[in-house]
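The values are calculated or read from the model by the stated rules, or taken from the named source; none is laboratory data. All values reported here derive from a predicted model rather than from experimental measurement. Here the Cβ is made from the backbone with ideal geometry for all residues, glycine too, and neighbour counts use every protein chain on show.
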Amino acid sequence: MQAIEKNPNHDGAISNLAYNYRNQGKYVEAIAMYNRSIELAPP
């Protein structure tokens with residue numbers, strides 16, 4: 001979470017957060033974070 005606070009465009013940190021949300025059963029949040037990480041990932 002600290003990496004996202006320092007750089008909200010850090011696709012790796014956002015992807016990890018998505019996996020954490022998924023593991024917690026927070027699927028709506030996980031999907032939103034996963035989609036955001038895809039948008040930010042380099043081509």
Tell me, yes or no, whether segment 32-39 has at least one residue that is modelled with pLDDT under 80 and of a type in the set (A, V, I, L, M). no
Please verify whether Asn35 is part of a helix (DSSP H, G or I), surrounded by 15 or more Cβ atoms within 10 Å (Cβ to Cβ), at negative phi and of a type in the set (S, T, N, Q), treating the condition exactly as stated. no
Note on Asn16: of the conditions (1) modelled with pLDDT of 95 or more; (2) under 10 Å from the mean Cα position of the chain (by Cα), unmet is (1)
Which ones in segment 23-38 are free of Cβ contacts under 8 Å to residues at least 12 places away in the same chain and among the charged types (D, E, K, R)? Lys26, Glu29
